[in-house]
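> This is the structure I want to talk about, given as structure tokens.
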Amino acid sequence: MSKLGHFVHPVGTSLTTATGTKDPGIAYGVAAASVCRIAMICRAKPQRFSSCPLSSHRNAPNRTVDQWLQHLRKTCVLQLNTNLTCDAATSHARRLPARHLPSTSPAATEAERLSVLKSQFNRSADFLRYLDLYRPALISPEAYGGIPLPAVYINRVATAVPPYDVHDTFRRFAQSTLHLANPRQARLFERMADKSGIEHRFSCLTPSNRPEGDHFDAGGFYARSGFPDTATRMEQYERHAPELAQAAVDRLHLGADRDRITHLIITSCTGFSAPGLDLDLIARCELPTTVERTVIGFMGCYAAINALKLAYHIVRSEASARVLVVNLELCTLHLKETADLEQMLSFLLFADGCAASLVSAEPSGIALDSFRAMLVPDTHDLITWNIRDAGFDMVLSGRVPAVIQDGLRRSADEILAGAPAAAIDLWAVHPGGRTVLDAVERAFALAPTALAASRDVLRRYGNMSSATVMFVIERLMRSGARGRSGCAMSFGPGLIAETMLFRTAA
């Protein structure tokens, strides 16, 4: 006797309870799928048929699998064609031995299984409706007969930044501040800024024409000896975040697809309010008011990978889901008045930006294969991000690149699922800074051109926290490479590297 797995099938309850609709076609589809799954298992391993409840059912103790399938087709289909009621369909489906299935997965592919279902029961429309409703409950490779879950794709990505380039303005502001305290540190800051690999950074704040004077920005938000408190910074976030998020979503050109959005995921670590950005976007972008919303807050630069991971699991459990993911950060709202060189260099990195992406089972764009998190022990204090009275306090240790390099080198086999780094065609690495990209390049012994997309994003936009890796992915998707393997990764507090393997659609 083989060991049998157990699951509660939806037809064990009334169809009204299970589906919320009185449709006998759904009962037919559920029953058909159950028997076909058992049939595939029994055909693959005939010796197990004697232990399957199907063989000992009191109504047909000697029926073969094919006879059971024929019986189901005749009774269900004929009765459906004569207006079988919901209760009768449910009653008939309950007679099917669908509560016990062998836990071992047969070798048949998903396409072969779906072909069996469609060919044995000539009811394509009902079957497809069943598949859409019950895929979350029935199609699991571990427990329900080995049918793979649907592949998940980033179909497209769009990006947006505010209109104001503040990189040179900040350099002048920082240098003048440091010069007053320590001219030597001011000169060192300038040399480090030249080597940063950054040429542009954008902000929602209008830069001052003379940042060496009393204000960094034209509106006086950052006035010397009078930097704003947290409440004032959040007011600016509430004002500017919805506009930038809408700009990114609009560039996805959803059109009629906006009515098909089922889920909205937002990541941000630079501001909070309630009602928040999720509800603002529903109104501004005319999304369905029934959309399911999730906000991933305060995770920092690796939040986008976590958002993709969540979208991946949503689509795998609900094949018809279409997930809108928005990564928005207004990092320039959190500058600190300081004469500390290390802090000034960390502020030199950060900028504002937003990415919007559409994730679904539609086979176009980038297929998401797997995710893995790498926590480096005893590094809790290297990257921190805390809410304080005068904004959000960032600590970014100079040890971070070396720790990332060592951690990635030790975990390379797990991150790449046993593949050599040379087998990865595309690298979407979060450009946390030039030295971070150098550390990744050394950890995997990559060619100097491997991280070209990441370095280009760093040069053109700086570090936009969670949005940045999506800018890199957008650039790779725009290149049009097909059938390529890829690895994405971001780094943040913990210290943790969140990684993702992907491939471009063929």
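The values are calculated or read from the model by the stated rules, or taken from the named source; none is laboratory data. Predicted, not measured: the structure shown is a model, and the values here were computed from it. Glycine gets a Cβ as well: all are built from the backbone with ideal geometry, and neighbour counts include every protein chain shown. Accessible surface areas use protein heavy atoms only, side chains included; no ligands, DNA or RNA. Shrake-Rupley method; radii C 1.70, N 1.55, O 1.52, S 1.80 Å.
> Just the number please: accessible area per residue for region 181-245, 1.4 Å probe, all protein chains included, in Å².
Spelled out: the 1.4 Å probe surface of region 181-245, per residue, equals 52 Å².
> Got a sec to turn the phi values of region 480-492 into Karplus ³J(HN,Hα) couplings, 6.51 cos²θ - 1.76 cosθ + 1.60 with θ = phi - 60°, whole Hz, x for Gly and Pro?
Listing the rounded values in order: x, 5, 10, x, 9, 8, x, 9, 10, 7, 9, 10, x Hz.
> For region 408-506, which trypsin sites (Lys or Arg not before Pro) are in a loop by DSSP, counting at most 16 other Cβ atoms within 10 Å? Spell out each step's value before the answer.
Values: sites: ARG409, ARG410, ARG434, ARG442, ARG455, ARG459, ARG460, ARG475, ARG478, ARG482, ARG484, ARG503; in loops: ARG482, ARG484.
Listed in order of number, the matching sites are ARG482, ARG484.
> Ignoring ligands, DNA and RNA, what percent of the 1.4 Å accessible area of region 181-298 is carbon and sulfur?
Details: 2740 of 5950 Å².
The value for region 181-298 is 46 percent carbon and sulfur by accessible area.
> Convex hull volume of the Cα atoms in region 298-338, per residue, in Å³? If you can, show how the numbers build up before the last one.
Working: hull volume 2.5 nm³, N = 41.
About 61 Å³ per residue, rounded to a whole number.
> Using protein chains only and a probe of 1.4 angstrom, how many square angstrom of ARG239 are accessible, to the nearest 10?
150
> Determine how large the accessible area of PHE227 is when every protein chain is in place; take a 1.4 Å probe and give Å² rounded to the nearest 10.
40
> Amide H of PHE202 versus every other amide H placed in the peptide plane: which residues, excluding those fewer than 5 positions away on the same chain, fall under 5 Å?
The list, which skips near neighbours in sequence, is VAL166, ASP352.
> When you count, for each residue, the other Cβ atoms within 10 Å and take the mean per peptide, how do 301-314, 382-395 rank with the highest first? Mind dumping the intermediate values first?
On the way: 301-314: 23.8, 382-395: 15.6.
Ranking the peptides 301-314, 382-395 by packing returns 301-314, 382-395.
> Among the GluC sites (Glu not before Pro) within region 174-275, which fall in a DSSP loop and have no more than 16 other Cβ atoms within 10 Å of their own Cβ?
Working: sites: GLU190, GLU199, GLU212, GLU235, GLU238, GLU243; in loops: GLU199, GLU212.
Sites meeting the loop and neighbour criteria: GLU199, GLU212.
> Taking only protein heavy atoms into account and a 1.4 Å probe, give the accessible area per residue of region 393-501 in Å².
Values: 3940 Å² over 109 residues.
Spelled out: the 1.4 Å probe surface of region 393-501, per residue, equals 36 Å².
> So what's the convex hull volume per residue for the Cα atoms of region 392-436, in Å³?
Details: hull volume 4.8 nm³, N = 45.
Expressed per residue, the convex hull around the Cα atoms of region 392-436 is 106 Å³.
> Give the accessible surface of region 270-333 per residue, rounded to a whole number of Å², with probe radius 1.4 Å and ligands, DNA and RNA excluded.
Details: 2300 Å² over 64 residues.
With all protein chains present, region 270-333 gives 36 Å² per residue.
> Also, quick follow-up: Using only the Cα atoms, work out Rg/Rh for region 194-290, with Rh taken as the Kirkwood radius, to two decimals. The partial results should precede the final answer.
Numbers: Rg = 17.3 Å, Rh = 16.1 Å.
So for region 194-290, dividing Rg by the Kirkwood Rh gives 1.08.
> When only Cα pairs under 8 Å and 6 or more residues apart are kept, what is the percent relative contact order across region 267-419? Don't skip to the answer; put the middle values down first.
Values: 148 pairs, mean separation 31.5, N = 153.
Reported as a whole number, the value is 21 percent.
> Continuing with the same structure: If all Cα-Cα distances of region 285-402 are sorted into 5 Å bins from 0 onward, what percent lands in each bin, rounded to whole numbers?
2, 8, 16, 18, 16, 14, 11, 9, 5, 2, 0
> Next question. With both partners inside region 189-298, how many of the DSSP beta bridges are antiparallel, as a percent to the nearest 5? If you can, show how the numbers build up before the last one.
Working: 3 of 9 bridges.
So the antiparallel bridges amount to about 35 percent of the total.
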